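Since the structure comes first, as structure tokens, the remarks are kept for the end.
Values in this text are rule-based calculations from the coordinates and carry no lab data. As the structure is a computational prediction, the values presented were derived from the model and not from experiment. Here the Cβ positions follow ideal geometry from the backbone for every residue, glycine too, while neighbour counts run over all protein chains shown.
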Amino acid sequence: MTKRVNYIIRYAIDLLIIGVLVGIDQYTKLLAVQKLKDQEPFDLILGVLQFAYLENRGAAFGIFQNQKWFFILTGSVFLVAIAIALYKLPLKKKYTLLRICFVLIAAGALGNMIDRIRLNYVIDFIYIIYINFPIFNIADCYVTVATIFFVVLICFYYKEEDLDFKKAKQVKIHSSMLEEEESYDTDSHPGK
């Protein structure tokens, strides 16, 4: 197969995975509406983890309340940037973890953007009581886990030259592939 066909197949797989992840997120939010809305919170692990319905019109920790178009615009910019990054990412195994991070972030951004466009708010329902963490959803989990993993990869796994994709696409020649150069005798070359 040609390189172009490989990229198209890889990109299609990425989009399919994003679609499945968004579907999971939207399904869990539908369940939250059906089972939790106008109900008392449900303790999954008493004093630790609870399902509680919340309509979040802001961002994390309740900031930027009722800024729907800001979130849609910001999310759209992120999605375009991720689409470009996925397209430019080399098809080498070395970049699979980075590709997974981009796919998870895109799925999370898209899942919450669908809520904002459709409902004017995001449905949150997972509450960690033990640490009094803000209520969140599956899309938030995708973004948070992928972002943490992304930072770890950039800081500890990939080298700077690994992220220069122009160089990464070039074939590297190992020194053993080159013919040995004859030693340069300066005595036999006057003036040198």
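Couple of notes before you dig in:
- Computed FRET value (nearest 0.05) for Ile8 with Leu163, which takes r as the C-beta separation and R₀ as 22 Å: 0.40
- For Ile135, no residue 5 or more places off, or on another chain, has a built amide H under 5 Å of its own.
- Derived scalar couplings between HN and Hα for region 37-51 equal 4, 6, 10, 5, x, 9, 7, 7, 10, 3, x, 10, 10, 9, 9 Hz in order, rounded to whole Hz, by the Karplus curve 6.51 cos²θ - 1.76 cosθ + 1.60 (θ = phi - 60°), x for Gly and Pro.
- Listed peptides 34-47, 119-132, 4-17, 98-111 appear in the order 98-111, 119-132, 4-17, 34-47 once ranked by packing, highest mean of other Cβ atoms within 10 Å at the front.
- The separation of region 1-60 from region 99-134, counted between C-alpha centres, amounts to 7 Å.
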